[in-house]
Structure formats: C-alpha cells, structure tokens
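First comes the structure, then the notes that go with it.
The values are calculated or read from the model by the stated rules, or taken from the named source; none is laboratory data. Nothing here was measured: the structure is a model prediction, and the numbers come from that model. In case anyone asks, the SASA skips ligands and DNA or RNA and just uses the protein heavy atoms, side chains included. Shrake-Rupley method; radii C 1.70, N 1.55, O 1.52, S 1.80 Å.
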Amino acid sequence: MAKKNTYSYQGKPGEKIAKASGHSLKISPKHSVEICRTIRNMYLEDAKAFLEDVIAKKTVVPFKRHNKKVGHRGDLQGWPSGRYPVKAAAAILKVLENAEANAENAELDVENLKLVHATANRGVIIRGWTPRAFGRASPSNTPTTHIQIVLGEA
C-alpha cells in the first residue's frame, strides 16, 4: 500500500488552504531552505515575482544559515551575504504554480492568497561514482530535496 503524502502543516479547522509538494527534486537542499525561508508569509504574486527576479538574477536571496564562504552583495538590505540560486528557484516556482492551480480548483480567492507554509527538507541521496586514476573511484552523489507549499486566504 502506498504511503499517503503527509504535510507538516495541517491547517486550522475551517481554514481554506491549498497544498502542493515536490518530491525528490534534483536541487540543492541548502539553497531551497534559504529560498523557502525568504518567501514564507509573502503574498502569492509577490513570491512569484521574487522567484522570477531571482531566476533573471535581478534579486538576491539572502543566505542567513548556509552562508559559509558566500560572497556579500551590495544590493542586499539588512543582510550582507546572498546568492542567485537559479535552479532551485525555478523548481520552487513550479511547485508554487501547482499550489496556485490547486487553489483555483478549490475555489479560493486567488488574488488574496498568502504563503502560509513553505519548507524544504533533504530527500534521498542518489549515489554515483566517478572513475579515477589507478583503478580507484570517487563518490559523485546527487542530493535531492522535498518541497512543501501551503497557500491560505489572507
């Protein structure tokens, strides 16, 4: 029997929410955590515009936790270090658009949606090996990430 998708956010009784998730996405877990922390509690249109600007490298994502050896950005206000995680932003934007479609299907007010919950968790690691000299091999592993997004009417 297949395991049912469980969300870490269940919602309050009577609360109108729409959920979407992405499982085992081949994106960086650390980048995803920083993006989800930034877009959490944003309105849907603001979050989509932010992610599109990150993909176009116009807006910086502040790296507050995973910021070792991360360069400083002059256009960042209130925090020095940040990056442009384009691949992770594109994957999270897809999940966000899926949540928006689920909200339309549930007949929620799309103009007034807010990101109630946005999380990124580490998924399984896809093991791989790269051949080296003298018959040796080095690990070449691919991390995966699980994304959960919940939209609610503000």
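Which label belongs to the value computed from this structure, given these candidates for semi-axes √(5λ) of the Cα gyration tensor in Å: (i) 26, 17, 14; (ii) 34, 28, 17; (iii) 30, 22, 12?
Read-out from the structure maps to (iii).
Which entries in the list K19/K48; K16/K114; K19/K58; K30/K64; K4/K114 go over 18 Å, if you measure between the two C-alpha atoms of each?
K19/K58; K4/K114
Test of understanding: in a Gaussian network model of the chain with alpha carbons linked when under 10 Å, which of A88, A56, A47 would top the mean-square fluctuation ranking?
Greatest mean-square fluctuation among the candidates belongs to A56.
Got a number for carbon plus sulfur as a percent of the stretch 8-154's accessible area, 1.4 Å probe?
49
If one computes the Cα centroid of the stretch 16-38 and of the stretch 68-132, what distance in Å separates the two points?
Centre-to-centre distance over Cα atoms comes out at 5 Å.
From the phi of every residue in the stretch 34-47, what ³J(HN,Hα) in whole Hz does the Karplus formula 6.51 cos²θ - 1.76 cosθ + 1.60 yield, where θ is phi - 60° and glycine or proline is x?
For the stretch 34-47, the Karplus-derived couplings read 5, 5, 4, 5, 6, 8, 4, 6, 8, 6, 4, 5, 5, 5 Hz, x marking Gly and Pro.
Of P29, P62, P139, which has the largest mean-square fluctuation in a 10 Å C-alpha GNM of the chain?
Comparing P29, P62, P139 in a Gaussian network model of the chain, the most mobile one is P139.
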